[in-house]
1. Would the range 69-86 turn up any residue that is more than 10 Å from the chain's Cα centre (by Cα), outside any helix (DSSP H, G or I) and free of Cβ contacts under 8 Å to residues at least 24 places away in the same chain?
2. Can you tell me which residue among 25, 44 is surrounded by fewer than 17 Cβ atoms within 10 Å (Cβ to Cβ) and in contact with a helix residue (DSSP H, G or I) (Cβ under 6 Å, 6 or more places away or on another chain)?
3. Inspect the range 63-77 for any residue being within 20 Å of residue 22 (Cβ to Cβ) and at pLDDT below 85 and give the result as yes or no.
4. Out of curiosity, is residue 31 more than 14 Å from the chain's Cα centre (by Cα) and at pLDDT 85 or above?
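The values are calculated or read from the model by the stated rules, or taken from the named source; none is laboratory data. None of these values were measured; they are calculated from a predicted model. Cβ atoms come from the backbone with ideal geometry, glycine included; neighbour counts cover every protein chain shown.
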């Protein structure tokens, strides 16, 4: 980190905590769901495909990498789509896991979007009025 950088605002810390928390919860949910509740024979390969990108994202989010927040806001839609498909097609407890996945994906997307917007200063009013010509 840059020693001359300003300390993060409390809003940015809360957004980071929401992003990291929802990503960790999504990781745990996917592991629990696929290891104990899903009854697919080739579950190990799918778990690796789903968990490795999230682990890579977790590392970047913990290091406050802007690039990670940006790509995670796009990748999270793959997990959202899986949740929607499984909520529609599965039955029983799996449907509840899918609903939780959908909710966590929406939280993660919102947190990543807010983080990028806050860090780049989008939506702030200019400090000096601009002259209209």
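1. no
2. 25
3. no
4. yes
A quick yes/no check of all residues on (1) exposed (fewer than 14 other Cβ atoms within 10 Å of the Cβ); (2) at pLDDT 95 or above; (3) farther than 23 Å from residue 15 by Cα:
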residue: 90; (1), (2), (3): no, no, yes
residue: 96; (1), (2), (3): yes, no, yes
residue: 101; (1), (2), (3): no, yes, no
residue: 104; (1), (2), (3): no, yes, no
residue: 121; (1), (2), (3): yes, no, no
